[in-house]
Amino acid sequence: MKTEEVMELYRKYVMNTYTRLPISLSRGKGSRVWDLEQREYLDFFPGWGVSCLGHCYPKVTSRIKEQAKRLIHVSNNYYHHLQARLAKKIINLSFPGKVFFCNSGAEANESAFKLARLYGEGKRFEIIAFENSFHGRTLATLSATGQRKYQEGFEPLLPGFVHIPFNDIEAVKRAINEKTVAVIIELIQGEGGVRVADFAFVKELYRLCQEKKILLIVDEVQTGMGRTGKLFCYQHYGVTPDMMTLAKSLGGGLPIGAMVAKEEIADYFKPGMHASTFGGSPLVCKTALAVLEAIERENLLKNCYEMGDYLKGKLKMLKEKFNFIREIRGMGLMLAMELDILGKPIVEECLKRGLLINCTQDKVLRIMPAINVKKKEIDKAVKILEDVLKEQ
Ligand SMILES: Cc1ncc(COP(=O)(O)O)c(C=O)c1O
């Protein structure tokens, strides 16, 4: 099949909800992917941040194969040792508590909202979220998302969400009232343009939440699993959330989401109150365990730190050369280049030259390679980007 034929089938049969670039990917290995015509690309935005170990990481692929032969799915009416082991591993690596497994970031946030409402015992239900945030596309997570453009046409939204400016502690203080039960925050607003939360702001937010018994929910769907150089982004800030949501990289490519809550909060859920048919299947749990094992065994947090610094340094050098680059920001390998010009033509030209990156908020190039990316791959990617920037 040729890419043009695939595109024709999409035009006819697939709902038109995405803006897609005109390539059809058919194979991947590490940070490289190939399209149907066998053209090679360096993938510096693998699966919206999903494929943290690059594509088809051998140890993950072999575990998937192994588990697929043994047992793919069982319902949550039964126990399965892999779900138990994964929950224990996540808790050991984060904070004491319990895990609920689902399939995506939106579902993880949905379950956090439901649990927060239970915790509020009918008296407190309001959740403070931030402008420019992104928490998912289901009706509740869309209501939590602080961007009008995603909400238009889907009103009425779910009540109980309040939006305030990011990094503004006075706005948090003003928004808190007797109905407030939780605050949800992305410590780096990914879709919102890779905007990093201020350290002093997060410390004070944490203190306020503790003082007022308000739950601090950290949405680590994009920042989690080593993306920022620590396994979870909150670990940079010296605070511990009451709840954390994970998805994207957790399954290294397979769909799995998780909501983690401190034990006293988690225990508000009783049998029958929340569920997911596919959540925490043996196949995805085995895969997530393999991802975590690889991060530890291969010392990938260190690689992420080092390669993040290296890439950020290179991007800063580009900023010195091109006056339309406004800012380089981000942590670890969650980086962005904010421009004074539109980013879309740059993404399209990079694609033509074999580099996949993303543009968000019109003018922000988002660059998030796999956390096991190599120096020579960064050099090659930066060279392509530089050549494209020269022509702007
Ligand atoms: C911070 C954050 N939260 C939630 C989501 C929603 O995740 P999903 O698309 O898996 O539902 C995303 C997706 O980009 C995200 O970046």
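Structural remarks
- Residue exposure sequence - Val99, Val260 - by fewest surrounding Cβ within 10 Å: Val99, Val260
- Estimated at 0.36 nm per residue, the fully extended path between Arg326 and Asn177 surpasses their Cα-Cα distance by 49.8 nm.
- For Lys2, a cut-off of 26 angstrom between C-alpha atoms picks up these lysines, skipping any fewer than 8 places away in its own chain: Lys12, Lys29, Lys344, Lys352.
- Fraction of antiparallel bridges per DSSP, the chain only, in percent to nearest 5: 65
- Karplus 3J(HN,Hα) series, Hz, for segment 63-70 with 6.51 cos²θ - 1.76 cosθ + 1.60 (x for Gly, Pro): 5, 4, 4, 4, 6, 4, 7, 8
- Using bins of 5 Å that start at zero, the share of Cα-Cα pairs per bin across segment 117-232 amounts to 2, 12, 22, 24, 20, 14, 5, 1, in whole %.
- Candidate lysines for bridging to Lys312, where Cα separation is under 16 Å - those fewer than 8 sequence places away on the same chain excluded: Lys302, Lys321, Lys374, Lys375, Lys376, Lys380, Lys383
- Put simply, the amide H of Arg326, placed in the peptide plane, has neighbours under 5 Å in Glu338, Leu339, Asp340, leaving out anything fewer than 5 places away on its chain.
- Residues in segment 254-265 carry Karplus couplings, in order, of 8, x, 8, x, 8, 10, 10, 9, 4, 4, 5, 8 Hz; the curve used is 6.51 cos²θ - 1.76 cosθ + 1.60 with θ = phi - 60°, and Gly or Pro positions show x.
- Sorted by Cβ neighbour density within 10 Å, fewest at the top, the residues Cys233, Cys209: Cys209, Cys233
- Within segment 218-354, the proportion of Cα pairs with more than 28 Å between them is 35 percent.
- Seen through its C-alpha gyration tensor, with square-root eigenvalues sorted a ≥ b ≥ c, segment 59-122 comes out prolate because a/c lies at 1.5 or above while a/b is bigger than b/c.
- Segment 59-297 shape via C-alpha gyration tensor axes, a/c threshold 1.5: prolate
- The calculated FRET efficiency for the pair Arg11 and Gln210, based on their C-beta separation and a Förster distance of 41 Å, comes to about 0.20.
- Taking other C-beta atoms within 10 Å as the exposure proxy, Tyr78, Tyr310 rank Tyr78, Tyr310 from fewest upward.
- Per-residue ³J(HN,Hα) for segment 340-357, Karplus 6.51 cos²θ - 1.76 cosθ + 1.60, θ = phi - 60°, Hz, x for Gly and Pro: 8, 10, 5, x, 4, x, 5, 4, 5, 6, 4, 4, 4, 9, x, 10, 9, 9
- Overall form of segment 290-349 per C-alpha gyration tensor (a/c, 1.5; a/b vs b/c): prolate
- FRET E, pair Glu4, Asp387, Förster distance 25 Å, beta-carbon r, rounded to 0.05: 0.40
- The separation of segment 358-373 from segment 166-194, counted between C-alpha centres, amounts to 24 Å.
- Set of aspartates and glutamates with alpha-carbon distance to Lys98 below 18 Å, sequence-local pairs under 8 removed: Glu107, Glu110, Asp219, Glu220, Asp242, Glu263, Glu264, Asp267
- Lys149 versus Lys29: modelled label distance in nm, points set 7 Å from Cα along the beta carbon direction: 3.8
Each value in this text was obtained by applying a stated rule to the coordinates, not by laboratory testing. Quick caveat, the model's predicted, so the values are computed rather than measured. Heads up, the Cβs are rebuilt from the backbone with ideal geometry, glycines too, and the neighbour counts pull from every protein chain shown.
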